[in-house]
Amino acid sequence: MSTSAIKLEISWKNHLEGEFSKPYMARLKEFLLDEKKKGKIIYPSGGNIFFALNSISFDKVKVIVIGQDPYHGPGQAHGLCFSVQKGCALPPSLLNIFKEIQRDLGIAMPKSGDLTSWAKQGVLLLNATLTVEAHKAGSHQGKGWEEFTNKIISVLSEKREHLVFMLWGSFAQKKSEFINLTKHLILKSAHPSPLSAHRGFLGNSHFSKVNAYLKQTNQEPINW
């Protein structure tokens, strides 16, 4: 996969350029092209696959939220984990995120589930898998995206300091192996899904904990 064809913000391209010449990325590109040739619908749209990275430069990241894969319904996914495009109904996990923010910080429930405003403030909303086939959750897992996004987590951990990693659920928590615990804050809890939110996500106070840590390390808090 040629970096010249990838619309990637320059600071990220500088750190990730080597990944695009690796065999796994060539296989991933071939897989995606084959799926499109078969007429399969893939989310998010091509221009939004790297939206999480293109929303904020490498040096401006403060907080990393790790999701699993994009929403697979029409008009939902736009490249930010847990976020949906304006006009979409709030998915259950996102609704629980907003409920916890309201409980934790007293911020009223928003009408839109578009989290672009978080991204612009330095919240990297990173899915482990960056594409999915329409109506088939998890369909692009194990095709190479995880290696790429693990590299993103690793290079952030290595090159930056005083970041906050929000790891919700067992899948995200496994990513802690790529994070230097001496330089960064890791916040772990249950996943916000309705199946598990009552087992520790609701009541975790992660959003106030993020802002307290940012203030302690002389960084601007996030307006959640």
Among strands (runs of 3 or more DSSP E) entirely within the stretch 115-224, at least 3 residues that are buried (at least 16 other Cβ atoms within 10 Å of the Cβ), out of contact with any Cys (no Cβ under 9 Å at 6 or more places or on another chain) and touching a residue at least 60 places away in the same chain (Cβ under 8 Å) occur in 164-168
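If you go through the stretch 103-111 one residue at a time, do you hit one that is touching a helix residue (DSSP H, G or I) at 6+ places or on another chain (Cβ under 7 Å), crowded, with 18+ Cβ neighbours inside 10 Å and either in a loop (DSSP other than H, G, I, E, B) or in contact (Cβ under 8 Å) with a residue 24 or more places away in the chain (or both)?
Within the stretch 103-111 (the criterion being touching a helix residue (DSSP H, G or I) at 6+ places or on another chain (Cβ under 7 Å), crowded, with 18+ Cβ neighbours inside 10 Å and either in a loop (DSSP other than H, G, I, E, B) or in contact (Cβ under 8 Å) with a residue 24 or more places away in the chain (or both)), the answer is yes, since at least one residue qualifies.
Return a yes/no flag: does the stretch 30-39 have any residue that is open to solvent by less than 30 Å² (accessible area, probe 1.4 Å) and either in a helix (DSSP H, G or I) or modelled with pLDDT of 95 or more (or both).
Taking the stretch 30-39 as the starting set, the residues that turn out to be open to solvent by less than 30 Å² (accessible area, probe 1.4 Å) are 32, 35.
Filter once more, keeping what is either in a helix (DSSP H, G or I) or modelled with pLDDT of 95 or more (or both): 32, 35.
Within the stretch 30-39 (the criterion being open to solvent by less than 30 Å² (accessible area, probe 1.4 Å) and either in a helix (DSSP H, G or I) or modelled with pLDDT of 95 or more (or both)), the answer is yes, since at least one residue qualifies.
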| query | Quick one: would you say GLU9 is open to solvent by 60 Å² or more (accessible area, probe 1.4 Å) and not β-branched (Val, Ile, Thr)? | reply | no
Among ALA26, ALA77, the single one that is at pLDDT 95 or above, in contact with a strand residue (DSSP E or B) (Cβ under 6 Å, 6 or more places away or on another chain), surrounded by 13 or more Cβ atoms within 10 Å (Cβ to Cβ) and over 23 Å from ARG160 (Cα atoms) is ALA77
Counted residues in the stretch 80-99 being surrounded by fewer than 16 Cβ atoms within 10 Å (Cβ to Cβ) and among the small types (Gly, Ala, Ser) come to 2
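Across the stretch 56-79, what is the number of residues that are over 20 Å from LEU16 (Cβ atoms) and in a strand (DSSP E or B)?
Taking the stretch 56-79 first, the residues over 20 Å from LEU16 (Cβ atoms) are 68, 71-78.
Next cut, in a strand (DSSP E or B) only: none.
Residues meeting the conditions: 0.
The values are calculated or read from the model by the stated rules, or taken from the named source; none is laboratory data. What you see is a predicted model, and the numbers here were worked out from it, not measured in a lab. Quick reminder, even Gly has a Cβ in these numbers, built from the backbone with ideal geometry, and neighbours come from all protein chains shown. Only protein heavy atoms, including side chains, enter the accessible area calculation; ligands, DNA and RNA are left aside. Shrake-Rupley method; radii C 1.70, N 1.55, O 1.52, S 1.80 Å.
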